[in-house]
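The block underneath contains the structure these notes are about, expressed in structure tokens.
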Amino acid sequence: MLNRPKVALFLLFISLQFQAVAGDIEAAKSVLSRTLGDDISERFVLKLTKTVDQQANDQFNVSTSDNCVFIEGNSPVALTRASYSYLKQEHNNLLSWSGENFHLPTTLSPFNKSESTPYQYRYYFNVVTHGYSTPYWDWSRWEKEIDWMAMHGMNMPLIGGAHEAILHRVFRKLGFSKQQSYQYFSGPAHFAWNRMGNLITWDGGDKLPESYFDEQIALNHKILKRLRSLGMTPIVHAFAGFVPPATSELFPEAQIRRLSWGGGLPESTYGYLLSPENPLFVKIGKMYIEEWQKEFGKNEYYLADSFNEMDVPPADTEAELLTELAGYGDRVYQSIKAANPDATWVMQGWTFPYHKDENRQLFWTPERLHALVSKVPDDKLLILDLANEYNKLWWKIDPSWKMYSGFFNKKWIYSFIPNMGGKTPLNGRFDIYAELPIDALNYKDKGNLIGFGFAPEGIENNEMIYELLTDMAWQRKAIDVDQWQAKYAMQRYGAYPGSLEKAFSYLNKSALGSFVDHPIHRFQLRPYRNPEGVEDHATVHESEDFIKATGLFLQASEQLKDNKLYQHDAMEITTLFLSLVTDNLLTKFLAKDVEQRDYSVLDEAISVMHTMDKLLAEHPNHQLVTWVDYARTWGSTTAEKDYYESNAKRLLTTWGGDPVNDYAGRVWSGLIGNYYAPRWQSYHDAVKNNQTFDVRQWEENWVMTPYKNTSTAYQDPVRVAQAMYFKYKNYLVSK
């Protein structure tokens, strides 16, 4: 006799499984429709094949039949990546932040190929990406980014997760007044550093509109819904111990340490860290995750860092320090586990090779890091090993995964930081990105390596690097850079003429064969010698090889000038060339004493800057007006719009004061012509006329004054770029 209840349950299970698979396929299909357009996406037939091991790494098969493309994969992201991989490799298609190149012939050649990734997770974003790039994005922009992630095969993004809105609820439930809670929060563009305890209240506090938290919650619902529909695994923030200034008033027994961070901000912005020894730490941590999951549902990965670029509480002896670190790690994990026993604590690995003690020695010795993580179960901690290129090229030390013995068998992700501050100059070692990850993959003592990714401080720059890195996430051996770049050129421009091949060769010897920690131009720095009398200098790569690369790239316009992506890149490379010209003119101008300076040199430099501004006026990634418009959209009144705009512009310029002033410098249309050039002009007009000029007040006035976009593009920017190159190419060589 049939057991009807069991049969009914079985049929319900089958029905739910079918619905889930159908939903996953629909989510992947929707990505293709939005990115490829219906005409192309309708020729893709998707099939989701779940493996017996649900933790299996993504894999797929692509085949063609009847002029359709059949995709079979074990996750929605496997399906989207498979589609993109086929379009890239077989038909030279491309999806980038600055545009796309999609086409599919009517008749498809026979094709059959399988592929898999050696990594369970492909990680994306940095905590501070959500300051330097995404803080004011709306849902439309987020939707495009999630589609970009899906097509490129990324499945583990770090997102803000409406952290502030949930934390505000927790503070209010603990008894903080609204004003006491608000005194903790910075402005939205600075939330990333607020989340890491580097600062509180900066450009926020009472300025923060009451509507912000509700809008943040609503946006995060949309982001999470889309990520989950694609089977992605987001990392969100947990409580890391940072509390409002009024905590000591409400909880006199709380043990709180005042923090300091090297950002140059006033002492009033220094954060407060609650001791994990105090039961209040676990209480707040538990409340936070309960409140977050009540709003958004259960999550698996929670990020919490309490010592990012900051000192650990001192101890009298090394033994005491190790004991305290072990206790700290245990209680952070317990604060997460108390609300969600299935959750995994995520920790950024940047600070371990970065942080030095007072003797400039590495603070995080293997013994200290081991103590910190010793009481956390191996499968309940994930370390983001963020900066592998920095270990090799900048700090010149062993990779962290080797130095810390495969992170003591905790889960970890191999990552790069290809960008600091969202800076736009071409920069990076292509050979490192194409080869270095394989060393870790083949290392016999690598421990529990579960992912690969990249954590840029800012995105929408150096697009070729990110395309290479997303390909590396599916590789088990090094990529031949020359072959890869030849293919990339075909995908991006539709052709690879000889002059372009030579241009790439020279770029690899120059801008894309060099690594600078924070590449910035002289014209982006304040327009005078610093107080010590030492000349502030540019850190952007300059060489004859780069000059040759620029000329050869522009020479390719004979064949590629009608290609929009080529035009964008030609303007970007020419602007970098002209930025070097400007830097040299300004250095020449400042080299002489004030009374001997030739102001015609300054006039020429400023004229070149305005040319740069116009050359970038139609570049999709490099316009101030786009940044400002996103920020103003968050406001419902003029006052709110003005506040959000000022907060967004502050991050790009003054940031918070010395020494981070100009840190996030962008070579953007609008920023060059409306900020950098006028700052030079105004300051030296005052000097010339023996007038006092307060540059800091000038900067603050600019930040607080609503921006009016007056940048206009050239009708034929390629022709102008070529003319400027021929005018100045010998100047840089012979300077």
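Tally up the residues in the range 507-518 that are part of a loop (DSSP other than H, G, I, E, B) and either in contact with a helix residue (DSSP H, G or I) (Cβ under 6 Å, 6 or more places away or on another chain) or at pLDDT 95 or above (or both), please.
Result for the range 507-518: 5.
Would you call LYS113 within 18 Å of VAL21 (Cα to Cα), surrounded by fewer than 20 Cβ atoms within 10 Å (Cβ to Cβ) and among the charged types (D, E, K, R)?
No.
Within the bounds of the range 202-221, is there any residue that is under 24 Å from SER268 (Cα atoms), of a type in the set (A, V, I, L, M) and under 22 Å from the mean Cα position of the chain (by Cα)?
No, the range 202-221 contains no residue that is under 24 Å from SER268 (Cα atoms), of a type in the set (A, V, I, L, M) and under 22 Å from the mean Cα position of the chain (by Cα).
Give the residue that is surrounded by the fewest Cβ atoms within 10 Å (Cβ to Cβ), with candidates limited to residues of the range 468-506 that are assigned to a loop (DSSP other than H, G, I, E, B) and either acidic (Asp, Glu) or under 26 Å from the mean Cα position of the chain (by Cα) (or both).
From the range 468-506, those assigned to a loop (DSSP other than H, G, I, E, B) are 473-480, 494-497; that's our starting set.
With the extra rule that they be either acidic (Asp, Glu) or under 26 Å from the mean Cα position of the chain (by Cα) (or both), the set shrinks to 473-480.
Numbers: ALA473: 25, TRP474: 21, GLN475: 16, ARG476: 11, LYS477: 9, ALA478: 14, ILE479: 19, ASP480: 11.
That would be LYS477.
Residues of the range 430-467 being of a type outside the set (S, T, N, Q), farther than 25 Å from VAL127 by Cβ and in a helix (DSSP H, G or I), which ones?
Selection gives PHE430, ASP431, ALA434, GLU435, ILE438, ASP439, LEU441.
Quick one: in the range 282-318, of everything that is among the charged types (D, E, K, R) and in a helix (DSSP H, G or I), which residue is most open to solvent (accessible area, probe 1.4 Å)?
Going through the qualifying residues, I end up with LYS294.
Which residue, of PRO244, PRO234, PRO252, is in contact with a helix residue (DSSP H, G or I) (Cβ under 6 Å, 6 or more places away or on another chain) and either more than 17 Å from LYS298 (Cα to Cα) or loosely packed, with under 15 Cβ neighbours inside 10 Å (or both)?
Just a single option satisfies the conditions, and that option is PRO244.
Quick one: which residue in ASP38, ASP58 is open to solvent by less than 80 Å² (accessible area, probe 1.4 Å), modelled with pLDDT of 95 or more and among the acidic types (Asp, Glu)? Can you show your working first?
Working: ASP38 fails: open to solvent by less than 80 Å² (accessible area, probe 1.4 Å).
Criteria check complete, one pass: ASP58.
Only one of (1) open to solvent by 10 Å² or more (accessible area, probe 1.4 Å); (2) at pLDDT 95 or above is not met by LEU578, so which one is it?
The one condition LEU578 does not meet is (1).
Would you say TYR404 is open to solvent by less than 20 Å² (accessible area, probe 1.4 Å), touching a His at 6+ places or on another chain (Cβ under 8 Å) and in contact (Cβ under 8 Å) with a residue 24 or more places away in the chain?
Yes.
I'm trying to understand the selection: among the residues of the range 581-624, which are in a helix (DSSP H, G or I), open to solvent by 30 Å² or more (accessible area, probe 1.4 Å) and touching a Pro at 6+ places or on another chain (Cβ under 9 Å)?
The one that is in a helix (DSSP H, G or I), open to solvent by 30 Å² or more (accessible area, probe 1.4 Å) and touching a Pro at 6+ places or on another chain (Cβ under 9 Å): LYS614.
So VAL21 ticks every box in (1) closer than 28 Å to GLY451 by Cα; (2) at pLDDT 95 or above; (3) in contact with a strand residue (DSSP E or B) (Cβ under 6 Å, 6 or more places away or on another chain) but one. Which box is left unticked?
The single condition VAL21 does not satisfy is (2).
Are there any pairs with C-beta distances below 9 angstrom linking a residue in the range 80-105 that is over 20 Å from SER65 (Cα atoms) and free of Cβ contacts under 8 Å to residues at least 12 places away in the same chain to a residue that is among the aliphatic types (A, V, I, L, M) and assigned to a strand (DSSP E or B), with the two at least 6 apart or on different chains, and if so which?
Pairs found: none.
Being in contact with a Lys or Arg (Cβ under 8 Å, 6 or more places away or on another chain), open to solvent by less than 10 Å² (accessible area, probe 1.4 Å), of a type in the set (Lys, Arg) and modelled with pLDDT of 95 or more, is that true of even one residue in the range 643-658?
No: the range 643-658 contains no residue that is in contact with a Lys or Arg (Cβ under 8 Å, 6 or more places away or on another chain), open to solvent by less than 10 Å² (accessible area, probe 1.4 Å), of a type in the set (Lys, Arg) and modelled with pLDDT of 95 or more.
Restricting attention to the range 271-281, does a residue exist that is crowded, with 24+ Cβ neighbours inside 10 Å, more than 22 Å from the chain's Cα centre (by Cα) and part of a helix (DSSP H, G or I)?
Taking every residue of the range 271-281 in turn, at least one turns out to be crowded, with 24+ Cβ neighbours inside 10 Å, more than 22 Å from the chain's Cα centre (by Cα) and part of a helix (DSSP H, G or I).
Which residues, taken from the range 537-575, are in contact (Cβ under 8 Å) with a residue 60 or more places away in the chain, outside any helix (DSSP H, G or I) and open to solvent by 30 Å² or more (accessible area, probe 1.4 Å)?
Hits for the range 537-575 are HIS541, GLU542, LYS561, ASN563.
Could you grab the pairs with beta carbons closer than 8 Å, sequence gap of 6+ or different chains, first residue in the range 251-265 and in contact (Cβ under 8 Å) with a residue 60 or more places away in the chain and more than 20 Å from THR654 (Cβ to Cβ), second one open to solvent by less than 20 Å² (accessible area, probe 1.4 Å) and part of a loop (DSSP other than H, G, I, E, B)?
Filtered contacts from the range 251-265: LEU259/GLY197; LEU259/ASN198; LEU259/GLY271; LEU259/MET310.
Residues of the range 260-270 being open to solvent by 50 Å² or more (accessible area, probe 1.4 Å) and part of a helix (DSSP H, G or I), which ones?
Residues satisfying the conditions are GLU267, SER268.
Filter the range 668-691 down to residues that are touching a helix residue (DSSP H, G or I) at 6+ places or on another chain (Cβ under 7 Å) and over 15 Å from VAL608 (Cα atoms) and give me whichever is least open to solvent (accessible area, probe 1.4 Å).
Step by step, filter the range 668-691, then rank; the result is HIS684.
Considering only residues that are closer than 16 Å to ASN391 by Cβ, open to solvent by less than 10 Å² (accessible area, probe 1.4 Å) and touching a Gly at 6+ places or on another chain (Cβ under 9 Å), which ones fall in the range 421-433?
Residue satisfying the conditions is GLY428 alone.
Going by the structure shown, is ARG257 open to solvent by 10 Å² or more (accessible area, probe 1.4 Å) and part of a helix (DSSP H, G or I)?
Taking the combined requirement at face value, the residue does not satisfy it.
Restricting attention to the range 699-735, and to residues there that are among the aromatic types (Phe, Trp, Tyr) and buried (at least 16 other Cβ atoms within 10 Å of the Cβ), which single residue is nearest to ASN584 (Cα to Cα)?
Applying the filter and picking the extreme gives TYR728.
Out of the residues in the range 334-383 that are among the small types (Gly, Ala, Ser) and in a loop (DSSP other than H, G, I, E, B), state the one that is nearest to the chain's Cα centre (by Cα).
GLY349
Might you check whether a residue that is part of a helix (DSSP H, G or I), basic (Lys, Arg) and either over 25 Å from ALA639 (Cα atoms) or open to solvent by less than 10 Å² (accessible area, probe 1.4 Å) (or both) occurs anywhere in the range 192-205?
yes
State which residue is farthest from PRO118 (Cα to Cα) when the search covers only the range 56-79 and only residues that are among the aliphatic types (A, V, I, L, M) and touching a helix residue (DSSP H, G or I) at 6+ places or on another chain (Cβ under 8 Å).
VAL69
The values are calculated or read from the model by the stated rules, or taken from the named source; none is laboratory data. From a predicted model like this one, the values you see are computed outputs, not experimental measurements. Using ideal geometry, Cβ is built from the backbone for each residue, glycine included, and neighbour counts are taken over all protein chains shown. The accessibility values were calculated without ligands, DNA or RNA, using every heavy atom of the protein model including side chains. Shrake-Rupley method; radii C 1.70, N 1.55, O 1.52, S 1.80 Å.
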